[in-house]
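Down below is the structure, laid out as structure tokens.
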């Protein structure tokens, strides 16, 4: 009897071990999955459902209509707003990519001391100790017609009248976006550059490669994953932002996020939900295009 139990126990242990191996990953992922379902999946489902509702000036009417989507897709104003938002996104992405790459390169390759690297990187994060609204408002006394920049240029004799385009314009919007989101490009690019094997650069130097060839053939290709991650951050943040356009353009420009905010303020929740669904689809297409160009999973 004892021998039979002894022979049976190893089999039961192996079955229990196999069962634990299969079930344990699901148990470990269950808390995160629950959070995603409650705070992401359910709100998204509610957003999609309400986007098909009807509404009037005082109430939301449960229905199943495509009126909100036809208003979004066939409105010339909506198309112009989406194109304006895409224009902001492309310009800000290009500027933040160049600035973020330069800052990350200096931190990763020009600064030799790790302590200095970390200190300078932390200096880049200091503006994030204040809110986005305060940082945007701080540009107004600097860029205004009687602001610090125009006053300095007038006293130096470089201009004869204040520059009107500095504030409440597309320039101000792009400048504010660049100020707000450049760090989202610096961080992943810097992290990727720090993991580049320095022996590759030494080998390229020994092979007679110049700075430009090392940059284009070694550093940039090995930094693609960081650039892709930073691009996803910048694109999603700019596409969904509304406060920056409202404050820095002085109401002279529009964006999709601002349009949705105005619809919510007017209690047009179904129309706002339809716009949000379309915006989400556009952002997902842009993110998929980035991931199509750079396979982050293989690069990391």
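Since every read-out is calculated from the coordinates, none of them should be taken as a lab result. These numbers come from a predicted model, not from an experiment.
Annotations for the structure displayed:
- Reducing the stretch 85-135 and the stretch 233-300 to their Cα centroids gives an inter-centroid distance of 22 Å.
- Using every pair of distinct Cα positions in the stretch 24-91, the Kirkwood expression returns a hydrodynamic radius of 15.3 angstrom.
- The largest-to-smallest principal axis extents of the Cα set in the stretch 113-200 are 54, 29, 23 Å.
- Surface/4 of the Cα convex hull for the stretch 90-129, nm²: 3.1
- At full extension, residue 73 and residue 123 could sit 13.6 nm farther apart than now, given 0.36 nm per residue minus the alpha carbon distance.
- Across q = 0.21 Å⁻¹, the stretch 134-265 modelled as identical point scatterers on its alpha-carbon atoms has Debye log10 I(q)/I(0) values of -1.10, in the order of the q list.
- When the inverse distances between all different Cα atoms of the stretch 75-299 are averaged and flipped, the Kirkwood radius reads 19.7 angstrom.
- Net lengthening on full extension, residue 149/residue 57 (0.36 nm per residue, minus Cα-Cα): 28.5 nm
- Theoretical gain in end-to-end length, residue 266 to residue 39 [0.36 nm per residue, Cα-Cα removed]: 79.2 nm
- Intensity falloff of the stretch 196-268 expressed as log10 I(q)/I(0), Debye formula with alpha-carbon point scatterers, at q = 0.11, 0.18, 0.23, 0.26 Å⁻¹: -0.53, -0.75, -0.97, -1.08
- For the stretch 45-161, the alpha-carbon coordinates run over 62, 46, 25 Å along the three principal axes, in decreasing order.
- Helix-only [θ]222 nm of the chain, DSSP H runs n ≥ 4, -39500 (n - 2.57) each, per residue, nearest 500: -22500 deg cm²/dmol
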